[in-house]
Structures are given as structure tokens and as C-alpha cells.
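The values are calculated or read from the model by the stated rules, or taken from the named source; none is laboratory data. Predicted model, so just to flag it, every value in this text is computed and none were measured. Every residue, glycine among them, receives a Cβ derived from its backbone with ideal geometry; neighbour counts consider all protein chains shown. For accessibility, only protein heavy atoms count, side chains too; no ligands or nucleic acids. Shrake-Rupley method; radii C 1.70, N 1.55, O 1.52, S 1.80 Å.
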Amino acid sequence: MTTDLVSVRYLVDDVEASLAFYTENFGFEVRTDFAPAFADVVRGNLRLLLSGPTSSAGREMPDGTKPGPGGWNRIHLIVTDIDAEVERLRKQGVRFRSDVVKGPGGQQIVLDDPSGNPVELFQPA
């Protein structure tokens, strides 16, 4: 089976809050909405699978481990003006994990979605 979409699963605490976060802040479009368990959103070729605590992806593992949001793996969104994006998102109350970091390839900053999943904004050099 082939598809043009690249899918990334994010475990989230609140599917509806995550839908609002990605659609309102980053221009994702809702593909399916089965809140509170699951929804998915798309932006270009990127599909985010937003799996809530009652989804199959949120079920306890055989060893008792409960999957949850967070970590440092993240989606990487290209922006043309990182300073303007940071200012816009701070006004929205978005929480940032870092300051803007400059390197030879460009600038990046990491922020959290409502469940604590990281999102990287990157402005190429």
C-alpha cells in the first residue's frame, strides 16, 4: 500500500484541544474526528494521528507501561520568519521549550502542543 502522506502518531491528553491547536496555529485541516478517542489532521503531505487516552494506541502495554505524550521526537515545520511566528504563538499562550537556536543550516525553536508533544519550527538559512 502506498500513499503520498507521511503519518506521525502523537499521543495526546485531549483530542479536541489538539485539533484546535494544530488547525488554528499551523493551518492543518481535519481529516477525521472521532474525539475524544482519535482524530487526524493534514498539512501538505504530513498527517498527524492524534490518539487520545481511550484510543487503541493509548492502551496499556503487556508490561503495564501506559503510553503517553511528550519526549523529544518531533515534527519539523518550515517557516519563513521564525521571529514573527514565535511572537504570534507567544501571544496565543503557546509554551516554548527553548529559545531560538541559530546554526549553519538555519534557526530553530521547540514548542509544546497542549499535551506536551514537541513541535519544531525551522527557518532555513
(message) When you check residue 74 against the structure, is it free of Cβ contacts under 8 Å to residues at least 24 places away in the same chain, charged (D, E, K, R) and over 18 Å from residue 23 (Cβ atoms), yes or no?
(response) no
(message) I'm checking my understanding of the structure. Among residues of the stretch 77-87 that are in a helix (DSSP H, G or I) and either open to solvent by 90 Å² or more (accessible area, probe 1.4 Å) or touching a residue at least 60 places away in the same chain (Cβ under 8 Å) (or both), which one is nearest to residue 105 (Cα to Cα)?
(response) 83
